[in-house]
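Notes for the one structure printed next.
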Amino acid sequence: MVGLNELAIPYVLVDFRGVNPNSRMDVYKRIESSINEFFRENRNLWEEIKTELKNITGLRVLSLGVSFSWKEERTDLIALFRELEKYDVVLAFDEVQYLRGPVGSEFAGLIAHLYDYSDLRMVMTGSEVGLLHDYLGADDPKAPLYGRYFHEISLERFTPEQSRDFLQKGFEQVGLTLREELISLAVERLDGIVGWLVLFGRKAMEKGLSEKLIDDVFDEAKALAMDEFENFLSKRPAARNRYVEIMRAIAHGKRTWEEIKEHLERKEGKSVSDSVLARLLKALVDSSFIEKVKEGRNVYYHIPDPILEACFKEK
């Protein structure tokens, strides 16, 4: 969003977070809402385009906005997006990994068509990197988007120097006085995770900088991190305890395949097959809760978010 805003070009942003990928209505309503927000914010463009939109199958033009259809006469999304192309509008889709499902596969086909037959610029983002790659099908010849070139930007955690610079510049912009020792403590505790640094900055604007604030933000961040992990577990109830034990093992320094497997087997009192462990670890890696790191011939796993790691150290 920063990039699109600084470029000062029109864009439609659709956030697919939490969408039901098996419901065409859910996916279409999400796109419809974003399209209408775009028209409200770009009224001059709306006045120019609304007449042409009346020719699109399954699309009803309102006084300011449009209404989609997803049953018999389905809204022709390709035609809609091609009309936006005439005005150099960028299509941005966030949390795309939530589209993994039958309707999501249809949407991937739509994106592939636009890629091949239009000059639309499209941005697709996701916070669960492995699942995003699975959806894009970069390595799957059967996937609709396979073989299409895309430029990938990976956002890594900040270095301590970058974290310090980020906080300092942010506080300068809002006119807050800096206390160097508190900045250093925040950088150490929040460890380069941009979301937690932003949360700290926002809270500091409200309450002022203090050591207690850092503790409060750390506690709030832990609750948020565990909520996200609980959401992951809620979709996998049968393996819930195994996922928790894997996270606990890694948080306590058992980071190799062998160490994690031994930990699980000791907890369960029975053997755990390699295929089962591989599937469990892949799900955690794909959802970005853990990372797989190779150092020479050695492979180990770690929890990249220090807040989440702290949660499991306490368990």
Computed from the beta carbon distance with a Förster radius of 35 Å, FRET efficiency for residue 74 and residue 235 to the nearest 0.05 stands at 0.80
Specify whether the C-alpha gyration tensor of region 116-266 places it in the rounded, prolate or oblate class, a ≥ b ≥ c being the square roots of the eigenvalues: rounded for a/c under 1.5, otherwise prolate if a/b is larger than b/c and oblate if not. oblate
Between helix 24-41 and the chain: long-axis angle, C-alpha atoms, 0 to 90°, nearest 10: 70 degrees
Find how many whole Å separate the alpha carbon centroid of region 70-84 from the alpha carbon centroid of region 173-210. 45 Å
Run the numbers for residue 44 and residue 314: contour at 0.36 nm per residue of separation, minus the present Cα-Cα distance, in nm. 91.7 nm
Enter the angle in degrees (range 0 to 90, nearest 10) between the Cα long axis of helix 194-207 and the first principal axis of the Cα atoms of the chain, meaning the one along which they spread out most. 90 degrees
Shape descriptor, region 2-136: equivalent ellipsoid semi-axes (Cα gyration tensor, sqrt 5λ, whole Å, largest first) stand at 23, 18, 13
Computed over the Cα atoms, what is the radius of gyration of region 186-312 divided by 2.2 N^0.38 Å, N being its residue count? 1.19
Using just the helices of the chain, give the 222 nm mean residue ellipticity in deg cm²/dmol: DSSP H runs with n ≥ 4 each add -39,500 (n - 2.57), and the total is spread over all residues, rounded to 500. -18000 deg cm²/dmol
How large a share of the accessible area of region 273-315, in percent, is made up of carbon and sulfur atoms when the probe is 1.4 Å and the other protein chains stay in place? 47 percent
Full-stretch length increase - residue 168, residue 148 - with 0.36 nm per residue and alpha-carbon distance subtracted: 3.2 nm
HN-Hα couplings for region 174-190 via Karplus (6.51, -1.76, 1.60; θ = phi - 60°), in whole Hz with x for Gly/Pro, come out as 9, x, 8, 6, 8, 10, 4, 5, 6, 4, 4, 5, 5, 4, 5, 6, 8
Size of charge dipole - the chain - debye, nearest 20, with Cβ of Lys, Arg +1 and Asp, Glu -1, no other charges: 920 debye
At R0 = 22 Å, how high is the FRET efficiency between residue 298 and residue 133 if r is their beta carbon distance? Nearest 0.05 is fine. 0.35
Additional length obtainable on full extension of the chain from residue 60 to residue 15, 0.36 nm per residue less Cα span: 14.0 nm
When the C-alpha atoms of region 206-277 are aligned to their principal axes, what extent does each axis show, in angstrom, from largest down? 53, 27, 17
I'd like the orientation of helix 43-53 relative to the chain: the angle between its Cα long axis and the longest Cα principal axis, in ° from 0 to 90, rounded to 10. 60 degrees
Using Cα pairs closer than 8 Å and at least 6 residues apart in sequence, work out the relative contact order for the chain, in percent. 13 percent
Just how large is the dipole of region 2-136 about the Cα centre, in debye to the nearest 20, putting +1 at every Lys and Arg Cβ and -1 at every Asp and Glu Cβ? 380 debye
Report, by chain and number, residues whose modeled amide H sits under 5 Å from the one on residue 143, excluding near sequence neighbours (fewer than 5 apart, same chain). none
With +1 on each Lys and Arg Cβ and -1 on each Asp and Glu Cβ, how big is the dipole of region 166-228 about its Cα centre, in debye rounded to the nearest 20? 220 debye
FRET efficiency (residue 257, residue 117; Cβ distance; R0 45 Å; to 0.05) is 0.50
For region 166-228, take the convex hull of the Cα atoms, compute a quarter of its surface area, and give me that in nm², please. 3.9 nm²
What do the square roots of 5 times the Cα gyration tensor eigenvalues come to for the chain, in whole Å, largest first, as semi-axes of the equivalent ellipsoid? 39, 29, 17
Got the relative contact order for region 2-136 handy, in percent, Cα pairs under 8 Å and 6 or more residues apart? 29 percent
Out of the DSSP beta bridges found with both residues in region 2-136, what percent are antiparallel (nearest 5)? 25 percent
DSSP bridge pairs, the chain: antiparallel proportion in percent, nearest 5: 50 percent
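The values are calculated or read from the model by the stated rules, or taken from the named source; none is laboratory data. All figures in this text were calculated on a predicted structure; none of them were measured in a lab. We place every Cβ from the backbone using ideal geometry, glycine too, and count neighbours over all the protein chains shown. For the accessible areas, the whole protein counts, side chains as well, though only heavy atoms, and no ligand, DNA or RNA atoms are used. Shrake-Rupley method; radii C 1.70, N 1.55, O 1.52, S 1.80 Å.
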